[in-house]
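Notes follow once the structure below has been shown.
Taken together, the values in this text are just the output of simple stated rules run on the coordinates, not laboratory data. The model shown is predicted, which means the values in this text are computed figures rather than measured ones. So basically every Cβ, Gly included, is an ideal-geometry build from the backbone, and we count neighbours across all protein chains shown.
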Amino acid sequence: MSKPWQNEPDYYYEIYKDHKIIILRNDNMKHLCGYVSPNKDQYKTHYDCAPAKFLNCHGGLTYSDTFDSEYVASRYEFNNEEEKLKLINFIGDSYWLGFDCGHGGDYFEFNMPDEFLPPAWNMINLLAKESVYRDLQYVINECRGIVDQIIENPIYKHYYNFDYDDEDNIKTWFYDNSNLLQNTICEGTYLATNSDDEFMVIKLYSM
């Protein structure tokens with residue numbers, strides 16, 4: 001029985017709206033992972049920090065770093081050396097934000113003997129076979145969506161992470177003090193503002 005990825009390339013890259021996009025296949029699980037190199041310096045941060053944290057994509061961001069381009073290229077087969085060098089040069093020393101399609105509800109598999117896997121992975125693998133394979137076009141669209149958000153989403157001068165376990169506490173604090181925060185928004189566990197004065201209020205009231 002053929003696998004859904006057998007008619008797809010293992011890597012793909014393009015320039016979309018002046019942003020580099022690269023898609024790489026996981027060696028063992030065979031799902032695709034999508035990456036975008038942000039042009040805005042504010043997005044060159046950990047994926048769990050603002051403003052990158054606010055980017056929506058399949059399963060949420062799970063990667064934020066550079067790549068070892070030589071190592072990445074060593075994982076794939078090429079028709080010739082020129083193709084390999086093109087991929088290496090495209091990756092370069094760029095900073096990447098990425099996501100993967102190996103979540104619950106995604107179709108993937110393991111090319112590893114069962115004895116090397118924890119028991120829980122056997123069940124996950126079984127469930128994955130009843131799930132949806134996220135194909136190349138799907139991942140391309142998700143990457144392009146990230147680029148669109150990077151271009152369109154506002155960048156704030158200050159971000160403050162309350163880091164509460166209960167997100168409702170943050171929202172309660174925000175609305176209780178909204179009269180002091182006319183130019184501040186609440187985004188998940190973050191308050192974001194362009195006002196130096198309001199940022200000082202946030203810091204003082206949260207102490």
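In angstrom, the C-alpha Rg and Dmax of segment 1-117 are 15.2, 46.
Note on ASP10 and ASN194: the model spin-label points, each 7 Å out from Cα along the C-beta direction, lie 4.7 nm apart. Multiplying the residue separation of ASP165 and TYR205 by 0.36 nm and removing their Cα-Cα distance gives an extension gain of 12.6 nm. Between the Cα long axis of helix 119-128 and the first principal axis of the chain there is an angle of about 90°, rounded to the nearest 10. Here the contact order of the chain, divided by its residue count and restricted to Cα pairs under 8 Å and six or more residues apart, works out to 21 percent. Between 0 and 90 degrees, the angle of helix 196-205 with respect to the longest Cα principal axis of the chain falls at about 90 degrees.
Two numbers describe the Cα atoms of the chain: Rg and Dmax, which are 20.5, 64 Å.
Each residue of segment 154-159 was assigned a 3J(HN,Hα) from its phi angle through the Karplus expression (A = 6.51, B = -1.76, C = 1.60, θ = phi - 60°), giving x, 9, 9, 5, 10, 10 Hz with x at Gly and Pro. Between the C-alpha center of segment 29-96 and that of segment 160-181 there is a gap of 34 Å. Report, in degrees rounded to the nearest 10, the 0 to 90 angle that the Cα long axis of helix 136-152 makes with the longest principal axis of the chain. That helix lies at roughly 20 degrees to the long axis.
Taking the helices alone, the chain has a mean residue ellipticity at 222 nm of -9500 deg cm²/dmol, built from -39,500 (n - 2.57) per DSSP H run of at least 4 residues and averaged over all its residues. Placing unit charges on each Cβ (+1 for Lys and Arg, -1 for Asp and Glu) gives the chain a dipole about its Cα centre, and among VAL36, ASN161, PHE54 the Cα reaching farthest toward its positive end belongs to VAL36. If both residues of a DSSP beta bridge must be in the chain, then about 95% of such bridges are antiparallel. Only Cα sites of segment 158-205 enter the Debye sum here, all with the same form factor; the resulting log10 I(q)/I(0) across q = 0.15 1/Å is -0.30, listed in q order.
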